[in-house]
Structure formats: structure tokens, C-alpha cells
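Only one structure is covered here, and it is reproduced in the block below.
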Amino acid sequence: MQLAMVGTFLDSNMYHVKDMVSEYVVQRGVVEKIKGMFVGSIIYAPLSLYDSTTRAQLSEAFNYGATEVSADISPLIMRILGCVTGIALSVFHVGASVPQLLLLVPLIAWTFSRCDVFLDPVSAMLRDIRRAAGIGQGATSNIIADGKRMIRLYGVEPFFTRLHMQEGDAEQRIKHPADTIDMVSYIATSSVCAITNLSTACLLLLQSQLASINISSGEFMTYKRLVYSLVNQVSTAAYMPGRLRKLSCKMDTYRAYTDIPPEAPLVVEGCRPPPSWPQAGKIEFCNYTMRYRKDLEPTLSEISITIQPGEKIGIVGRTGAGKSTLVKSLFRLVHGTTTGQILIDGQDILEMGVGDLRPRLGIIPQESSMFSGSLKRNLDPLREYTIEDMWAALVKSGIAPKVAPPRASKDEPSDDIYRLQRLEDYNEAMADHGRRWAEAGWKMRLMLLLFASRPRKPHFTPRKLLHGLDRMASSNDLAFSGGEQQLFSLCRVLMRMRRVIVLDEATADVDLETDRHMQQVFRDAFAGCTVLTIAHRLETVMGSDRIIVMDKGRIAEIGTPQELIDAGGIFAELVSANDFGP
Ligand SMILES: Nc1ncnc2c1ncn2[C@@H]1O[C@H](COP(=O)(O)OP(=O)(O)OP(=O)(O)O)[C@@H](O)[C@H]1O
């Protein structure tokens, strides 16, 4: 009896120790690694993955994949650990008190495993159907979110409402049987537990009667508890293979995302450019041919051209001529088969790592977008620049009035700038605190917790917080028009000046006046840079040193604007269609 009491004491306390240890080990050792695998694999995947994968699938992989798998793994590993220690402890103190009860263990385990064997295939089948049909992945809601404006414009709300309801019905049709299976499984387990507990209690009473031993109600309850704990542990162990099978199925689904080969290495040792590369900005395409897929015709064919340092090149051509593909090739954003070379200042960019290439070039892309976060983080996500740098870029680009705090009125003397500065200081201090916490070991965290003084948040009225660089933006922010978002992209380029700059329809979404202002900014700020400008609006490229005319993936014409007009080719046609000259 004493041994049983010791066992019970150990049992109840070991759980807490085991939970603490396993939580730490599992969280740090397994869950973090799995999350890293998911995020790393998707974030370094070739862009073609984003072309061929729906938003719903990607969001499922990003949001649920890592979380769901790790959320399953973590408790499962803890359960296995708990099971092993629990069974050992139960066997120890049941064996010490009522050894003959141990004979029941194989029988209980067999009974539970039978329940699992019968029920698991049915629930696995339901899971497979659900996955194969894409049920529960919110496909329709994503379509509705993506196409909300088109749905309104075409007045097809009833159709999409019906579609969404049908998706919900399909989910319910699968969910009900799955819930029923879970319930049957639960009832079977509880029944086996209840029957085992009842019969062992009867056995105990019978044994004490036959042996004429008087056991007190307290002792009886302790025995009962021991047996109950043993049955529970054995039932958990018997279900483990089934749970592992389920987890392995889930892992198989998500393995599609963790096994994606990365687009290209970030760094190729032995082929690294010097830190100051590119110093001059000379670009050479040497017989460069590119196709998006092996089975497709080349999108760019035999491109050969040398662009001198500091030259301003305009790239024009009809829709689908290959203009964007040409500049994307400079950033190695196209993934397919390529032949030939692209040299920047003598270095073959197709050989080097993309981590050495992309950050050294500047671009204002065709589709500028805002990220969710403050304007300050939108401009400088890596926290490389000062507030003064940001304001200088905002002023130069012309977007500053949209961002700047309102001027103080006579009645309300304002110290907005000062307040914003204080808020920025606070945010920086908190971010710094967070970074130190994330990088610290447990001893340092303890020190930070006990002794580090946390920055005190300044008090503001919410109105004040809505202005300036602390204003929040989001990826679908309608507060900034397409043109304004392009001006933010211009700010980013102005802050991180590079020797080679690509303007891919950088002024497509702005009015003529803003376009002219931006052209002036480009001329002033990028005077010493090599600039490649893609534009449909011919006025944008008329000031270029040379113009490349693309046609069906080839360079059809090249020369100064005047030379091309005089030659009377495609460019001359485009100019006469636009009705203006250089
Ligand atoms: N990811 C891709 N996979 C397959 N083909 C592609 C891909 N991206 C572009 N293409 C094809 O390559 C061709 C050139 O496209 P590109 O975007 O370079 O043309 P563009 O001249 O920039 O057109 P636009 O003026 O409309 O922007 C097009 O026929 C297009 O369909």
C-alpha cells in the first residue's frame, strides 16, 4: 500500500516535470525546425510556384501547414513521452500493489487497438475525400475576395452566394460522418475503460473477500485510481500507431511544399562579385535566349546588346513582345531554360548567387504594392535608413504631402513632428528590446525580464498616430492609389541608390504631370546610373540615349529616338500612331 502511495505521488508530480521538459524540447527542437522548413521552402521557391499554385493553396500551406503539422507533432511527441513514463509508473505501482492485474494489460491493449483498426480506415477515407475535393480550403471565399470588384460590376453576387453555400454543404456532408466516426471511437474507448474499471473493481473486491482481507474504502479508492490510470495509459498507447499514421498522411500532403527545390542559391562561393560591384553599370547580353518552359517557344531569342555605363535605355514594343522578360532576366526572376550570358561589369550574373545579384540592382516594378505595416517599415523593411533619409526621399518623389502630418492651426498649436519622433523612438526601442530578447539565451532572457527597463509608451490621441511615417498601410490599401504606390517604390529606389536601375512601367499609373515630375527626378537622381526604362507611353522614353524595340522576343530595332524615326520601322509607326516626335 505504501508503495502504491509513493507511486501515486511520483505519478502526479512527474507529469508536470515531463510536460515542462517535453514542451521545451519539442517546441525548440521540432516545431521550430518544421516551421523553418515550411517557410524557407516556400519563400525561396521559384516564382513559377506562385504562378501555378492558387492563393488558397498557398495560404493553406503558409498559415496552416506549418502550424497544423507542428501543432499535431508537439502534443503527439509529448503524449508518447507521457505514455512511456506513465505506463512505467503505472506498471511499477500496480505491480507492487496488485501484480495479478498486470495480466490484464495485453488484453486491454488488444481491445483498444481493435477499435482503432476498425474505425481508422473509415476516418482516413473521409479525410482523403475532403482533401482531394479541396473541401474546407475556403476556395470560393478566396475567389470572392480576389474578384470582389468584378463580381459587383457584373452583378453576379447571387451566383457566388450559391457557390459558397454549395461549398458549405459539401463540407457538412463530409463533416457529419467524420464527427460520427469520432463519436463512435470515443464511445468505444469510454466503454472499454468503464468495463475494465468495473471488472477490476469487482476482481479486487472478490479477491479481498476470498482471502478474507479487510480493505478500507480509502485503500480501495487508491487501487481503483491505479487501475484507472493504467487503463488510460494503455489505451493511449494502443491508439498511438493510428495517430502516427494520421500525422504521416498530413505530412505527405504538406511535403509537396517542403520539398520544393529553391529557385537558385543565394550565394555561389567562387563566383562572388566584389563588394562594390557593379561599379560602372555596363550591361552585356551575349546571345541570350530564354524559354519559360522546355516545351514552349523561346520568349527571348538571341538577344545581343552592350549597354554602356550611365546609358539611358528605353525599351518599347507591343504587348507580349518580351520587354518585362528582358529586365526580369537581369534579376534572374525568370525560371526556365536559358543559353548565352548576361554580364554586368564583366561578371556573369547567371553564374552568381541571386543573393549577390538582386540587392545590388534597383527596380521600380510594374506592380508596386504596399506591405502590411507602418509606412516607415514599407519604405525601409530592413531598418537601414534614418528618418531623415526617408523624408528626403518622400519629398524628392513628391509623395511627402500625402504622408506629412497636418499643419498646426492657430487654435491648436501642434507639436506633431516632435510627438512622431518620440513615437518612432519608442517603436525603435521596443523593436530593439524584441530583437535582444529573440537573440538572447535563457540566462540573458531572465536578466532582461528582471532588470531591463522597458521603454515607456508615449501617450497620444489616436488622431495624432494616424499621420506621418507611423501611419499603418496594408497590402490592399485603398488609401494609396496605384500611382502613389509607385511613388513609394520610387522612394525605396532613391534611398538605396544602385548603379543599375530598371524602371518597368514605373509611371504607368500616374497622370502626365506626375509622369513629367518623376522623369525629372529620374534625370537628377539617376544621372550617373545605367537606367533601363520600359514604357508604353512613348513620351517617357523619348529622352533616352538609345531605344530598344522588342518584337516577338527579339531586338527588332535599336538606336537613338531620331535614328529610329528616320529609319521608318516599328518605332516610327508607334510614334506616328502617338502623334508626337522627340
Ligand atoms: N511565367 C510565364 N510563363 C510562361 N510564359 C510567360 C510567363 N510570363 C510571360 N510569359 C509570356 O512571355 C511573353 C512575353 O511576356 P512579357 O511580360 O515579357 O511581355 P511584355 O512585352 O512585357 O508585355 P506587356 O507590355 O504586356 O507588359 C508573353 O507571351 C507571355 O505570355
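The values are calculated or read from the model by the stated rules, or taken from the named source; none is laboratory data. None of the values given here were measured: they were computed from a predicted structure. Don't worry about glycine lacking a Cβ; one is built from the backbone with ideal geometry, like all the others, and counts go over all protein chains shown. SASA here: full protein model, heavy atoms, side chains in, ligands and nucleic acids out. Shrake-Rupley method; radii C 1.70, N 1.55, O 1.52, S 1.80 Å.
Quick rundown of the values:
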read-out: Cβ-derived FRET efficiency at R0 25 Å, His536 paired with Ala400, nearest 0.05; value: 0.35
read-out: With all protein chains modelled, accessible area of Phe451 [1.4 Å, Å²]; value: 150 Å²
read-out: Unsatisfied cross-links (Cα-Cα over 21 Å) in the set Lys33/Lys328; Lys282/Lys376; Lys328/Lys552; Lys282/Lys323; value: Lys33/Lys328; Lys282/Lys376
read-out: Amide hydrogen neighbours beyond the local backbone of Gly559, cut-off 5 Å, H modeled; value: Ile547
read-out: Pair Ser199, Phe451: separation of 7 Å Cα→Cβ label points (nm); value: 6.3 nm
read-out: List Ile144, Ile307, ordered by accessible area with a 1.4 Å probe, largest first; value: Ile144, Ile307
read-out: Backbone HN-Hα couplings from phi across the range 274-285 [Karplus 6.51/-1.76/1.60, Hz, Gly and Pro as x]; value: x, x, 8, 5, x, 7, 9, x, 7, 10, 10, 9
read-out: Contour minus Cα-Cα distance for Leu206 and Glu367 (0.36 nm per residue); value: 49.9 nm
read-out: Contour excess over end-to-end distance, with Cα ends at Lys148 and Arg173 and 0.36 nm allotted per residue; value: 6.2 nm
read-out: Computed accessible area, Asp169, all protein chains, 1.4 angstrom probe, square angstrom; value: 80 Å²
read-out: Additional length obtainable on full extension of the chain from Leu107 to Met444, 0.36 nm per residue less Cα span; value: 116.2 nm
read-out: Which of Asp432, Asp511, Asp380 is most accessible, then next, and so on - probe 1.4 Å; value: Asp511, Asp432, Asp380
read-out: Normalised per residue, the volume of the convex hull around the Cα set of the range 180-312 (Å³); value: 314 Å³
read-out: Interchain or long-range residues, amide H under 5 Å from Gly317's placed H; value: Met550
read-out: Highest average packing first - 156-167, 486-497, Cβ atoms within 10 Å; value: 486-497, 156-167
read-out: The range 218-283 - Kirkwood radius from inverse mean 1/r over Cα pairs (Å); value: 18.4 Å
read-out: Proportion of all alpha-carbon pairs of the range 326-388 beyond 14 Å (%); value: 67 percent
read-out: Ranked by how many other beta carbons lie within 10 Å on average, peptides 389-396, 34-41 from highest; value: 389-396, 34-41
read-out: Solvent-accessible surface (1.4 angstrom probe) belonging to Glu439, in square angstrom, nearest 10; value: 150 Å²
read-out: Cα-only radius of gyration and Dmax that characterise the range 307-346, units Å; value: 11.7, 31
